[in-house]
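*Asks:* Take this structure first; my questions come after.
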């Protein structure tokens, strides 16, 4: 496949080393379903193999650096604003590339997985942007990975339709569809159904991030450009400017290989890890030729706080998940710093997901969801965010009304500087909330995690549970809080110790309460929960052992 545009200008920051002509191989080991050969073409596999050949080693280096940094924080060294990059923060002149075509107005973005039905619903939603999520909202079964690519391929070409098992037909009817911003899996996740053989003959599982990104950009970059938009991405789970620079080099390499103009690719980075919050300007700088903005990935950010400080003592223990709102000190500091940083550099600041969702069969639940979401989005718009996320089409008018009230006819408020904001390193880790841990909070974490994991093991990555939209990030919070409460010898508000035995009793209670059916995965989900929440070892991500044990 050859993409043809005007010859690209020289890259402003060329990649070190020659572009190789002989490349190692990528072999498909997963089953081939209908039309999979349209995605897994020899040319596409060769391109993804080239990405692995050039960037796979650096990916492993960055993951090793994550472990080292996490070890340092766990042993008492708090994160700080870097001294070696102070010149980047102190230079007032540089700016990022900013919005590409179709990204100028991002006031409401809808998120969701990439199966055909959800793709069509998103494209008909009326949102400005669709976050096509191959990460936390997608269970990475081989079927979801490749059929998600097929959904996107067909949607971009106006060819997507779907008929449900009940016979209901779905098709795209909107005259103006959202701009697609695709989120590939994070650097840490493998893809076991593709094997990469390197130059020395070693065979390894492929990188989920490079597979998701590579297949999508190879097949769709030119079609997106021809449609007046472009290949746009959300980058998940980044922890440092070096990880951002790795993505920037991937983008530059891609533009050279596919013959598209340097800077055509645009990325929005989720600031959803504690280390990344201390390197926002450096991340923007590393991606400046390809960067559109940053997003406040609130749920994974809370998870990252717990993960990094899980062994640092009682003062770093958070209360019930429902009490960790966007107005607690460390979350307030993090989001205000994000807006200030983005607007200083000409980048968009995109708000996070409110978990409340409507229930069309329960007007009271719907009214409560609308009220909660409206309050959340009103605060974000007033703080200077340029847009926000929702997880359900019915929430788009609610969120849009709050941003319309602030933006009016303007597409964004990037020109609004937040010079009034001053955030210190200590404020970013001020996690003292002063509320108790309740029996209801512990039970909710166990129940939500097990019910979510059961759905995830069946291939469903975004799940409505108790009128909240749950994905892998909220499951991570739930299990990591349980682990921390046990290992920090916490007690409930009535004095009951939170022990593994106490939690085991809740697991049995949850399994007794949920409706069971042939083929459900609740027993596997409970075993997985025990592995990631009750064992002495703390897996950095629950999705890694879950994938290796059940999906690979």
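*Asks:* Restricting attention to region 164-202, report how many residues are part of a loop (DSSP other than H, G, I, E, B) and surrounded by 10 or more Cβ atoms within 10 Å (Cβ to Cβ).
*Replies:* Residues that pass the stated criteria total 13.
*Asks:* Right, here's the next one. What about residue 230, is it over 29 Å from residue 541 (Cβ atoms) and either part of a strand (DSSP E or B) or modelled with pLDDT of 95 or more (or both)?
*Replies:* Yes.
*Asks:* Another question, then. How about region 25-59: which of its residues are outside the structural domain of residue 213 (by TED's automatic domain parsing) and farther than 17 Å from residue 146 by Cβ?
*Replies:* Once the filter is applied, which keeps residues that are outside the structural domain of residue 213 (by TED's automatic domain parsing) and farther than 17 Å from residue 146 by Cβ, region 25-59 yields only 25.
*Asks:* Considering region 446-472 alone, what residues qualify as being over 23 Å from residue 140 (Cα atoms) and either out of contact with any strand residue (DSSP E or B) (no Cβ under 9 Å at 6 or more places or on another chain) or without any contact (Cβ under 8 Å) to a residue 24 or more places away in the chain (or both)?
*Replies:* 466
*Asks:* Considering (1) buried (at least 24 other Cβ atoms within 10 Å of the Cβ); (2) part of a helix (DSSP H, G or I); (3) out of contact with any helix residue (DSSP H, G or I) (no Cβ under 8 Å at 6 or more places or on another chain), say which one residue 315 fails and leave the rest.
*Replies:* (1)
*Asks:* Output the number of residues of region 207-229 satisfying the condition of being touching a strand residue (DSSP E or B) at 6+ places or on another chain (Cβ under 7 Å) and surrounded by fewer than 24 Cβ atoms within 10 Å (Cβ to Cβ).
*Replies:* Going through region 207-229 one residue at a time, the tally reaches 1.
*Asks:* Right, here's the next one. Looking at 284, 294, which is the one that is crowded, with 24+ Cβ neighbours inside 10 Å and in contact (Cβ under 8 Å) with a residue 60 or more places away in the chain?
*Replies:* None of the other options fit; the residue is 284.
*Asks:* Go through region 79-115 and count every residue that is crowded, with 21+ Cβ neighbours inside 10 Å and not in a loop (DSSP other than H, G, I, E, B).
*Replies:* Total satisfying the criteria: 5.
*Asks:* Answer yes if at least one residue in region 134-147 is over 25 Å from residue 30 (Cα atoms) and touching a strand residue (DSSP E or B) at 6+ places or on another chain (Cβ under 7 Å), and no otherwise.
*Replies:* no
The values are calculated or read from the model by the stated rules, or taken from the named source; none is laboratory data. Computed from a prediction, not measured in an experiment: that's the story for all the values here. When we count neighbours, we look across all protein chains shown, and the Cβ atoms used for this are built from the backbone with ideal geometry, even at glycine.
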